[in-house]
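The values are calculated or read from the model by the stated rules, or taken from the named source; none is laboratory data. A quick note: this is a predicted structure, and the numbers were derived from the prediction, not measured. So basically every Cβ, Gly included, is an ideal-geometry build from the backbone, and we count neighbours across all protein chains shown. Quick note on the areas: whole protein, heavy atoms, side chains included, nothing else; ligands and nucleic acids left out. Shrake-Rupley method; radii C 1.70, N 1.55, O 1.52, S 1.80 Å.
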Amino acid sequence: MFDKIRNWRVRRTVARRPIAESLWQDALRRCAPARRLGASDQATLRVLVTLFLQRKSLEPTQGLELDGADRVLLATHACIPILKLGLDWYDGWHSVIVYPDAFIPRRTRTDAAGVVHQSRNVMAGEAWGRGPVILSWAEVLNAGQQPGHNVVVHEMAHKLDMLNGEANGFPPLHRGMDGRAWTQVLSSTWDRLRDDHRNGLPLPIDPYGLESPAEFFAVVSEQFFEEPAALRHHLPDVYRQLEQFYRQHPY
Ligand SMILES: [Zn+2]
(Lines give C-alpha, C1' and ligand atoms only; values in the text may rest on other atoms or scores of the structure.)
Protein backbone atom coordinates (compact mmCIF):
# COMPACT_ATOMS: atom_id res chain seq x y z
CA MET A 1 0.00 0.00 0.00
CA PHE A 2 2.67 2.48 1.04
CA ASP A 3 4.72 1.48 -1.96
CA LYS A 4 1.73 2.21 -4.18
CA ILE A 5 1.30 5.66 -2.67
CA ARG A 6 4.98 6.34 -2.96
CA ASN A 7 5.14 5.15 -6.55
CA TRP A 8 2.18 7.32 -7.39
CA ARG A 9 3.89 10.32 -5.78
CA VAL A 10 7.05 9.56 -7.68
CA ARG A 11 5.19 9.35 -10.98
CA ARG A 12 3.37 12.59 -10.23
CA THR A 13 6.61 14.37 -9.36
CA VAL A 14 8.35 13.19 -12.49
CA ALA A 15 5.34 13.99 -14.66
CA ARG A 16 4.89 17.49 -13.26
CA ARG A 17 8.46 18.61 -13.50
CA PRO A 18 10.27 16.56 -16.09
CA ILE A 19 13.77 17.63 -17.00
CA ALA A 20 13.73 19.42 -20.33
CA GLU A 21 15.12 17.27 -23.10
CA SER A 22 17.78 19.85 -24.00
CA LEU A 23 19.08 19.98 -20.40
CA TRP A 24 19.13 16.19 -20.18
CA GLN A 25 21.05 15.83 -23.46
CA ASP A 26 23.49 18.48 -22.26
CA ALA A 27 24.07 16.55 -19.01
CA LEU A 28 24.66 13.31 -20.93
CA ARG A 29 27.17 15.07 -23.14
CA ARG A 30 29.09 16.38 -20.11
CA CYS A 31 28.91 13.34 -17.84
CA ALA A 32 30.82 10.40 -19.32
CA PRO A 33 29.52 7.72 -16.91
CA ALA A 34 25.93 8.69 -17.81
CA ARG A 35 26.69 8.89 -21.52
CA ARG A 36 28.01 5.32 -21.52
CA LEU A 37 24.82 3.82 -20.03
CA GLY A 38 22.28 1.96 -22.16
CA ALA A 39 18.95 3.61 -23.01
CA SER A 40 17.02 1.86 -20.24
CA ASP A 41 19.54 2.83 -17.55
CA GLN A 42 19.61 6.40 -18.88
CA ALA A 43 15.83 6.56 -18.51
CA THR A 44 16.09 5.35 -14.91
CA LEU A 45 18.85 7.84 -14.23
CA ARG A 46 16.70 10.66 -15.62
CA VAL A 47 13.94 9.80 -13.13
CA LEU A 48 16.45 9.69 -10.27
CA VAL A 49 17.89 13.06 -11.31
CA THR A 50 14.39 14.56 -11.40
CA LEU A 51 13.68 13.30 -7.89
CA PHE A 52 17.12 14.31 -6.60
CA LEU A 53 16.46 17.89 -7.71
CA GLN A 54 13.07 17.76 -5.97
CA ARG A 55 14.35 16.41 -2.68
CA LYS A 56 17.77 18.01 -2.31
CA SER A 57 18.53 21.68 -2.04
CA LEU A 58 21.38 22.88 -4.26
CA GLU A 59 22.78 25.99 -2.60
CA PRO A 60 25.34 28.02 -4.54
CA THR A 61 27.30 30.48 -2.38
CA GLN A 62 29.77 33.35 -2.72
CA GLY A 63 28.10 34.79 -5.80
CA LEU A 64 28.01 31.54 -7.72
CA GLU A 65 24.89 31.04 -9.85
CA LEU A 66 23.76 27.66 -11.12
CA ASP A 67 21.35 27.59 -14.04
CA GLY A 68 19.07 24.73 -14.96
CA ALA A 69 21.71 22.94 -17.01
CA ASP A 70 24.23 23.23 -14.17
CA ARG A 71 21.77 21.76 -11.67
CA VAL A 72 20.87 18.86 -13.92
CA LEU A 73 24.55 18.17 -14.55
CA LEU A 74 25.37 18.14 -10.83
CA ALA A 75 22.42 15.88 -10.05
CA THR A 76 23.38 13.54 -12.89
CA HIS A 77 26.87 13.05 -11.45
CA ALA A 78 25.34 12.59 -7.99
CA CYS A 79 22.88 9.91 -9.08
CA ILE A 80 25.38 7.73 -10.96
CA PRO A 81 26.44 5.80 -7.81
CA ILE A 82 22.86 5.06 -6.74
CA LEU A 83 21.51 4.14 -10.18
CA LYS A 84 20.93 0.54 -9.03
CA LEU A 85 20.58 1.27 -5.29
CA GLY A 86 17.83 3.87 -5.29
CA LEU A 87 17.51 7.41 -3.99
CA ASP A 88 16.74 6.13 -0.47
CA TRP A 89 20.47 5.59 -0.09
CA TYR A 90 20.75 9.40 0.04
CA ASP A 91 18.16 9.78 2.81
CA GLY A 92 19.06 11.69 5.97
CA TRP A 93 20.57 14.82 4.45
CA HIS A 94 19.25 17.68 2.39
CA SER A 95 21.75 20.24 1.18
CA VAL A 96 24.45 20.43 -1.44
CA ILE A 97 26.42 23.63 -0.88
CA VAL A 98 28.42 24.72 -3.91
CA TYR A 99 31.35 27.13 -3.78
CA PRO A 100 32.63 28.74 -6.97
CA ASP A 101 36.08 27.33 -6.49
CA ALA A 102 38.23 25.55 -3.95
CA PHE A 103 37.18 26.55 -0.44
CA ILE A 104 38.70 26.80 2.98
CA PRO A 105 37.91 23.73 5.10
CA ARG A 106 36.14 24.20 8.37
CA ARG A 107 37.63 20.95 9.64
CA THR A 108 40.62 18.85 8.85
CA ARG A 109 40.77 15.18 7.92
CA THR A 110 38.34 12.70 9.44
CA ASP A 111 37.26 13.57 12.94
CA ALA A 112 35.11 12.04 15.67
CA ALA A 113 32.04 13.81 14.33
CA GLY A 114 32.32 11.77 11.17
CA VAL A 115 33.41 14.61 8.92
CA VAL A 116 35.60 13.62 6.02
CA HIS A 117 36.91 15.66 3.15
CA GLN A 118 39.43 15.70 0.39
CA SER A 119 42.01 18.32 -0.43
CA ARG A 120 43.49 17.89 -3.85
CA ASN A 121 44.41 21.52 -4.12
CA VAL A 122 42.83 23.43 -1.31
CA MET A 123 39.47 21.76 -0.83
CA ALA A 124 37.41 20.29 -3.61
CA GLY A 125 34.66 18.65 -1.62
CA GLU A 126 33.48 17.65 1.80
CA ALA A 127 30.75 15.31 3.11
CA TRP A 128 29.29 15.52 6.60
CA GLY A 129 27.83 12.50 8.34
CA ARG A 130 24.25 13.75 8.60
CA GLY A 131 24.86 17.15 7.10
CA PRO A 132 25.46 18.70 3.74
CA VAL A 133 27.70 17.81 0.87
CA ILE A 134 29.99 20.71 0.00
CA LEU A 135 31.47 21.00 -3.47
CA SER A 136 33.69 23.27 -5.51
CA TRP A 137 31.90 24.03 -8.77
CA ALA A 138 35.23 24.30 -10.57
CA GLU A 139 35.95 20.73 -9.48
CA VAL A 140 32.50 19.55 -10.56
CA LEU A 141 33.23 20.92 -14.05
CA ASN A 142 36.59 19.16 -13.91
CA ALA A 143 35.00 15.71 -13.71
CA GLY A 144 36.71 13.42 -16.18
CA GLN A 145 39.20 16.10 -17.27
CA GLN A 146 41.82 14.41 -15.16
CA PRO A 147 41.37 10.70 -15.89
CA GLY A 148 39.36 8.93 -13.22
CA HIS A 149 38.42 12.06 -11.26
CA ASN A 150 34.89 12.97 -10.26
CA VAL A 151 34.47 15.02 -7.09
CA VAL A 152 30.70 14.50 -6.95
CA VAL A 153 31.00 10.71 -7.10
CA HIS A 154 33.78 10.97 -4.50
CA GLU A 155 31.66 12.84 -1.97
CA MET A 156 28.61 10.65 -2.63
CA ALA A 157 30.75 7.57 -1.99
CA HIS A 158 31.56 9.08 1.43
CA LYS A 159 27.82 9.53 2.00
CA LEU A 160 27.17 5.86 1.22
CA ASP A 161 30.14 4.83 3.38
CA MET A 162 28.70 6.80 6.33
CA LEU A 163 25.31 5.08 6.21
CA ASN A 164 26.57 2.54 8.75
CA GLY A 165 28.65 4.85 10.94
CA GLU A 166 31.89 6.69 10.41
CA ALA A 167 33.53 6.78 7.01
CA ASN A 168 35.91 3.84 7.02
CA GLY A 169 35.72 2.34 3.54
CA PHE A 170 33.08 -0.16 4.63
CA PRO A 171 29.62 0.89 3.44
CA PRO A 172 26.55 -1.25 4.21
CA LEU A 173 26.99 -4.29 1.98
CA HIS A 174 24.12 -6.16 0.36
CA ARG A 175 22.84 -9.52 1.46
CA GLY A 176 24.95 -12.14 -0.26
CA MET A 177 28.10 -10.02 -0.22
CA ASP A 178 30.98 -11.29 1.88
CA GLY A 179 32.12 -8.61 4.33
CA ARG A 180 35.38 -10.40 5.03
CA ALA A 181 36.17 -10.58 1.31
CA TRP A 182 35.41 -6.86 0.96
CA THR A 183 37.74 -5.95 3.82
CA GLN A 184 40.44 -8.35 2.69
CA VAL A 185 40.46 -7.12 -0.90
CA LEU A 186 40.33 -3.41 -0.13
CA SER A 187 42.76 -3.44 2.79
CA SER A 188 45.34 -5.71 1.14
CA THR A 189 45.22 -3.59 -2.02
CA TRP A 190 45.57 -0.42 0.03
CA ASP A 191 48.60 -1.86 1.88
CA ARG A 192 50.23 -2.95 -1.36
CA LEU A 193 49.72 0.42 -3.05
CA ARG A 194 51.11 2.22 0.00
CA ASP A 195 54.25 0.10 -0.26
CA ASP A 196 54.47 0.79 -3.99
CA HIS A 197 54.08 4.52 -3.36
CA ARG A 198 56.81 4.49 -0.69
CA ASN A 199 59.07 2.71 -3.15
CA GLY A 200 58.44 5.35 -5.78
CA LEU A 201 56.45 3.06 -8.09
CA PRO A 202 53.68 4.55 -10.24
CA LEU A 203 50.17 4.11 -8.88
CA PRO A 204 47.07 3.13 -10.87
CA ILE A 205 44.95 5.49 -8.73
CA ASP A 206 45.16 9.02 -7.34
CA PRO A 207 47.62 8.85 -4.39
CA TYR A 208 45.01 10.73 -2.35
CA GLY A 209 43.32 7.34 -1.96
CA LEU A 210 46.20 6.29 0.29
CA GLU A 211 45.23 8.85 2.95
CA SER A 212 42.78 6.49 4.68
CA PRO A 213 40.51 3.52 3.93
CA ALA A 214 37.63 6.01 3.55
CA GLU A 215 39.52 8.00 0.91
CA PHE A 216 40.57 4.78 -0.82
CA PHE A 217 36.93 3.71 -1.19
CA ALA A 218 35.96 7.16 -2.48
CA VAL A 219 38.87 7.35 -4.96
CA VAL A 220 38.37 3.86 -6.40
CA SER A 221 34.64 4.64 -6.66
CA GLU A 222 35.49 7.68 -8.81
CA GLN A 223 37.64 5.52 -11.04
CA PHE A 224 35.05 2.73 -11.15
CA PHE A 225 32.62 5.08 -12.87
CA GLU A 226 34.97 7.41 -14.75
CA GLU A 227 37.66 4.97 -15.91
CA PRO A 228 36.23 1.50 -15.39
CA ALA A 229 38.49 -0.23 -17.91
CA ALA A 230 41.61 1.05 -16.18
CA LEU A 231 40.39 0.07 -12.72
CA ARG A 232 39.40 -3.38 -13.91
CA HIS A 233 42.77 -3.81 -15.58
CA HIS A 234 44.93 -2.64 -12.68
CA LEU A 235 42.82 -3.63 -9.66
CA PRO A 236 40.46 -6.41 -10.83
CA ASP A 237 39.61 -7.64 -7.32
CA VAL A 238 38.63 -4.14 -6.21
CA TYR A 239 36.63 -3.68 -9.40
CA ARG A 240 34.67 -6.88 -8.67
CA GLN A 241 33.84 -5.79 -5.12
CA LEU A 242 32.60 -2.41 -6.39
CA GLU A 243 30.54 -4.16 -9.08
CA GLN A 244 28.75 -6.05 -6.33
CA PHE A 245 28.25 -3.02 -4.13
CA TYR A 246 27.07 -0.57 -6.81
CA ARG A 247 25.30 -3.37 -8.74
CA GLN A 248 26.67 -1.87 -11.93
CA HIS A 249 29.08 -3.07 -14.59
CA PRO A 250 30.41 0.11 -16.11
CA TYR A 251 33.05 -1.72 -18.12
ZN1 LIG B 1 37.32 12.27 0.44
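Quick notes on this structure:
- Taking a ≥ b ≥ c as the square roots of the eigenvalues of the Cα gyration tensor, the stretch 115-251 is classed as rounded, since a/c falls below 1.5.
- For residue 95, the residues 5 or more places off, or on other chains, whose built amide H falls under 5 Å of its own are 57, 133.
- With DNA, RNA and ligands ignored, accessible area of residue 195 (1.4 Å probe; Å², nearest 10): 80
- Net charge of Cβ neighbours under 13 Å - reference residue 66; Lys, Arg +1; Asp, Glu -1: -2
- Computed over protein heavy atoms with a 1.4 angstrom probe, the accessible surface ordering of 182, 89, largest first, is 89, 182.
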